[in-house]
Every structure is written in structure tokens, then in C-alpha cells.
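Enquirer: I have a structure here, written as C-alpha cells, and I will follow up with some questions on it.
The values are calculated or read from the model by the stated rules, or taken from the named source; none is laboratory data. Note that the structure is predicted; figures quoted are calculated from it, not measured. Cβ sites come from the backbone with ideal geometry, for glycine too, and all protein chains shown count toward neighbours.
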Amino acid sequence: MTQNALMEVPGSLAGASRPPRTAEVARNTAETRIHVKLNLDGSGHSRLSTGIGFFDHMLDQIARHGLIDLDIEAEGDLHIDGHHTVEDVGITLGQAVLKAVGDKKGIRRYGHAYVPLDEALSRVVIDLSGRPGLTMNIPFTSGSIGGFDTQLTHEFFQGFVNHAGVTLHIDNLKGDNAHHQAETVFKAFARALRSALEYDLRALDAIPSTKGSL
Ligand SMILES: [Mn+2]
């Protein structure tokens, strides 16, 4: 391959010679039993079963727009409410992402996305920093969406951030419909994560930190 031809390889394909970044994590407690299997270099196929329909719909956005193959099976204490199930899926997904991403060599590290859906607009910015941090501002216009308690959005992302070791800034900038607000947040999260995970053609052998590790 000539140097010019190499320069034309998009960043997302630059890691094509590397093995796909995959992980499988099981997490069982007295409150929930969660199994997550993922491929960060997938094509967006998902099999999701949490017992909470709207939550499955949001996890599907992560798979589809993150181009992550994602299997999640969760059996939680839904007779109480969705809290433990949603939080523990966030924790287990975070553990799986951390495991799959490895030493972060050659990746972009930072990612951001704006995603609209009709009247709603959200922005998500992510840094695969190794340090957990969540700033979230979603002025939900409803307390629940199809039986999903909108407060659990925070529990999901806090669980994810704590265990994936990422810095995450989530802002819903506009929105009247709560389903739209949530969907734009999850889609923007997926797009931002995808960008951060993509390989940087100009720095394929570098860990993107002056510390030399992330
Ligand atoms: Mn929808």
C-alpha cells in the first residue's frame, strides 16, 4: 500500500487489523442477575431483555448508534421497582466497556455528539479518562416514560461512569416530550462513545495522554 493510499483509510477502519474489542461480564447480587456481552467494533446488533420495555429501547440506541453489538440479559427485582435493574445494568455495561477497551492505544479518547429528535436536542461529551465523573442536566418534562422512571436515567449513567472510568457530560438542551428527551440523550451518548473509541490514524501507536497511561 502506498503512503497516499494509507492516508485515505478512515480512522474508524485504521484499527481493522486489530482484534475486535469484546468482553463478557456477569454480575449477580441478591437484587439482580445481569449478563452483558459486547463487541465495541460491531455493527449495532442487539439482544436486550431487561424486563423494562423503554429501557430496552434506550439500550438499543446505544447499540445501533454506537455500532456496538450488545447482548444484555437482566433479571431484577422489578416487583419493587426498576431502580436496581437499571442501575446494575449501567454498572455491568461499564465493567464490560472498561474490559473491552483495553489499554486505549491508538484511540481518539474524546468524543462528543449533538443529536436532535424533532423538538428535542441533546449534547453528550465523553472522555475515556480513567476517572469517573458525571455531570448531567436533563429537565425531564415527565416523571415516567412508559413505566420507566425518568430519575433512573441518572442511576444508569452514574453506574456506567463509575465502572467504565469515564468523564461524561450530558445536557438535554431542548425538549418538550420526555421520550424524545431521553432518546436524544442515549443516541448522543452512543455517538460520542463511538467517536472516542475510534482509532486515530495519526496516532495509532500512542496512548492519548501525556501521562502515558489512561
Ligand atoms: Mn423512540
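Enquirer: If ARG194 satisfies every condition in (1) on the phi < 0 side of the Ramachandran plot; (2) in contact with an Asp or Glu (Cβ under 9 Å, 6 or more places away or on another chain) but one, which is the exception?
Expert: Result: ARG194 fails condition (2) only.
Enquirer: Taking the stretch 38-75 as the search range and keeping residues that are β-branched (Val, Ile, Thr) and not in a helix (DSSP H, G or I), which one is farthest from the chain's Cα centre (by Cα)? Can you show your working first?
Expert: Restricting attention to the stretch 38-75, the residues satisfying the condition of being β-branched (Val, Ile, Thr) are 50, 52, 62, 68, 72.
With the extra rule that they be not in a helix (DSSP H, G or I), the set shrinks to 50, 52, 68, 72.
Values: THR50: 16, ILE52: 18, ILE68: 9, ILE72: 13 Å.
Filtering the stretch 38-75 for residues that are β-branched (Val, Ile, Thr) and not in a helix (DSSP H, G or I), the one farthest from the chain's Cα centre (by Cα) comes out as ILE52.
Enquirer: Next up: Looking at (1) in contact with a Gly (Cβ under 8 Å, 6 or more places away or on another chain); (2) surrounded by fewer than 20 Cβ atoms within 10 Å (Cβ to Cβ), can you tell me which one GLY133 breaks?
Expert: Just one mismatch for GLY133, condition (1).
Enquirer: I need a count of the residues in the stretch 146-200 that are more than 16 Å from the ligand (Cβ to nearest atom), in a helix (DSSP H, G or I) and among the small types (Gly, Ala, Ser).
Expert: Total meeting the criteria: 5.
Enquirer: Taking the conditions exactly as written (buried (at least 21 other Cβ atoms within 10 Å of the Cβ), in contact (Cβ under 8 Å) with a residue 24 or more places away in the chain, within 17 Å of PRO132 (Cβ to Cβ) and out of contact with any helix residue (DSSP H, G or I) (no Cβ under 6 Å at 6 or more places or on another chain)), does PHE189 satisfy them or not? Talk me through it step by step, then tell me what you get.
Expert: Working: buried (at least 21 other Cβ atoms within 10 Å of the Cβ): yes; in contact (Cβ under 8 Å) with a residue 24 or more places away in the chain: yes; within 17 Å of PRO132 (Cβ to Cβ): yes; out of contact with any helix residue (DSSP H, G or I) (no Cβ under 6 Å at 6 or more places or on another chain): yes.
So PHE189 fits the description; yes.
Enquirer: Scan the stretch 79-90 and give yes if some residue there is outside any helix (DSSP H, G or I), among the small types (Gly, Ala, Ser) and closer than 28 Å to GLU31 by Cα, otherwise no. Please lay out each step first, then the result.
Expert: Just the residues of the stretch 79-90 that are outside any helix (DSSP H, G or I), to begin with: 79-82.
Filter once more, keeping what is among the small types (Gly, Ala, Ser): 82.
Next cut, closer than 28 Å to GLU31 by Cα only: 82.
Within the stretch 79-90, one or more residues are outside any helix (DSSP H, G or I), among the small types (Gly, Ala, Ser) and closer than 28 Å to GLU31 by Cα.
Enquirer: Identify, please: which residue in the stretch 201-212 is of a type outside the set (Lys, Arg) and part of a helix (DSSP H, G or I) and is, among those, nearest to GLY106 (Cα to Cα)?
Expert: The first filter runs over the stretch 201-212 and keeps only residues of a type outside the set (Lys, Arg), leaving 201, 203-210, 212.
Now drop any that are not part of a helix (DSSP H, G or I), which leaves 201, 203.
Values: LEU201: 8, ALA203: 6 Å.
The extreme case among them is ALA203.
Enquirer: Count, please, the residues in the stretch 115-136 that happen to be over 17 Å from PHE160 (Cβ atoms) and either of a type in the set (Asp, Glu) or more than 16 Å from the ligand (Cβ to nearest atom) (or both). Step through it out loud before you land on a result.
Expert: Initial filter on the stretch 115-136 (over 17 Å from PHE160 (Cβ atoms)): 115-121, 123.
Now drop any that are not either of a type in the set (Asp, Glu) or more than 16 Å from the ligand (Cβ to nearest atom) (or both), which leaves 118-119, 123.
Selection size over the stretch 115-136: 3.
Enquirer: For GLU87, only one of the following conditions fails: (1) at pLDDT 95 or above; (2) surrounded by 13 or more Cβ atoms within 10 Å (Cβ to Cβ); (3) closer than 23 Å to ARG191 by Cβ. What is its number?
Expert: In the conditions (1) at pLDDT 95 or above; (2) surrounded by 13 or more Cβ atoms within 10 Å (Cβ to Cβ); (3) closer than 23 Å to ARG191 by Cβ, GLU87 misses (3) alone.
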